[in-house]
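Read through the structure below, which is laid out as structure tokens, and then see the notes.
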Amino acid sequence: MLLIGVNRSPFTRRVAITLKIYDMPFEQRPLSGFGNRDDVRASNPLGRIPALMLDDGESLVDSNAIIDHLDEVYGRHRALTPASGRDRRAVQKVAALMMGACEKGLQAAYERNHHPPEKLHQPWIDDCMAQMTNALSTIDAMIEQDSPYLLLGRLTQADVTAFVAERLARGLGVDTAARMPRLRELAMRLVEEDAFRSTEP
Ligand SMILES: N[C@@H](CCC(=O)N[C@@H](CS)C(=O)NCC(=O)O)C(=O)O
């Protein structure tokens, strides 16, 4: 399998972490959505990362669809997202919030990085950042002090997505240690695990 994308992208890193946790061998081509647009388009017509090229040449796009496929291959009974029921819904809800937080954070970054300074609209940037930080604070409040993981007493896709979202927020200047201290602590614990540490950009 070939993973297309840089781990600076929270969506790509989420897939890389999942592949490592599932012990699935893969190679990675570290392309960026903006810097390598033409090359990325060869795998994803949208020009976005991540994409995953399967060994038979099939290409998958969007981290949710990629992870759904990995869960199926790995076995839904032991996957990072539970197979059904309340537990599945709980993990999916956290993952949706955290992926949405990443999208809002990136919209703010795109506004800053891809517009000339005189065309920046600060209220839009502030709104995007508020949406991101509200979602992160909601997850922060869910974390129990002594639990090593976010939900279900085990590592799930909720932890993986919260980890990459916290990392992105910090990169965008959010003081997560002050504003989301439990989430920050969770991220610091997780980064001790090989799948998280070895995917550090
Ligand atoms: N929903 C997508 C989001 C992917 C995405 O937005 N990737 C960013 C990089 S972090 C990208 O390629 N942006 C370039 C663009 O949107 O043009 C997923 O989960 O994979």
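In segment 2-13, of all residues being open to solvent by 10 Å² or more (accessible area, probe 1.4 Å) and outside any loop (DSSP other than H, G, I, E, B), the one that is nearest to the ligand (Cβ to nearest atom) corresponds to PHE11. Identify all residues within segment 101-123 that are closer than 18 Å to GLY35 by Cα and touching a Pro at 6+ places or on another chain (Cβ under 6 Å); write none if there are none. Within segment 101-123, no residue meets the criteria.
Mind telling me which of the residues ALA135, ALA162, ALA158, ALA177 ends up being farther than 19 Å from GLN92 by Cβ and of a type in the set (Gly, Ala, Ser)? Full working, then the answer.
On the way: ALA135 fails: farther than 19 Å from GLN92 by Cβ; ALA162 fails: farther than 19 Å from GLN92 by Cβ; ALA158 fails: farther than 19 Å from GLN92 by Cβ.
Going through ALA135, ALA162, ALA158, ALA177 in turn, the sole match is ALA177.
Within the set VAL61, VAL40, VAL73, the sole residue that is under 18 Å from the mean Cα position of the chain (by Cα) and either of a type in the set (Val, Ile, Thr) or closer than 27 Å to HIS114 by Cβ (or both) turns out to be VAL61.
For segment 17-45, a tally of residues being more than 12 Å from the ligand (Cβ to nearest atom) and among the hydrophobic types (A, V, I, L, M, F, W, C) returns 6.
The values are calculated or read from the model by the stated rules, or taken from the named source; none is laboratory data. Since we're looking at a predicted model, the values are computed, not measured. Neighbour counts are summed over all protein chains in view; Cβ atoms, including those assigned to glycine, are modelled from backbone coordinates with ideal geometry. The accessibility values were calculated without ligands, DNA or RNA, using every heavy atom of the protein model including side chains. Shrake-Rupley method; radii C 1.70, N 1.55, O 1.52, S 1.80 Å.
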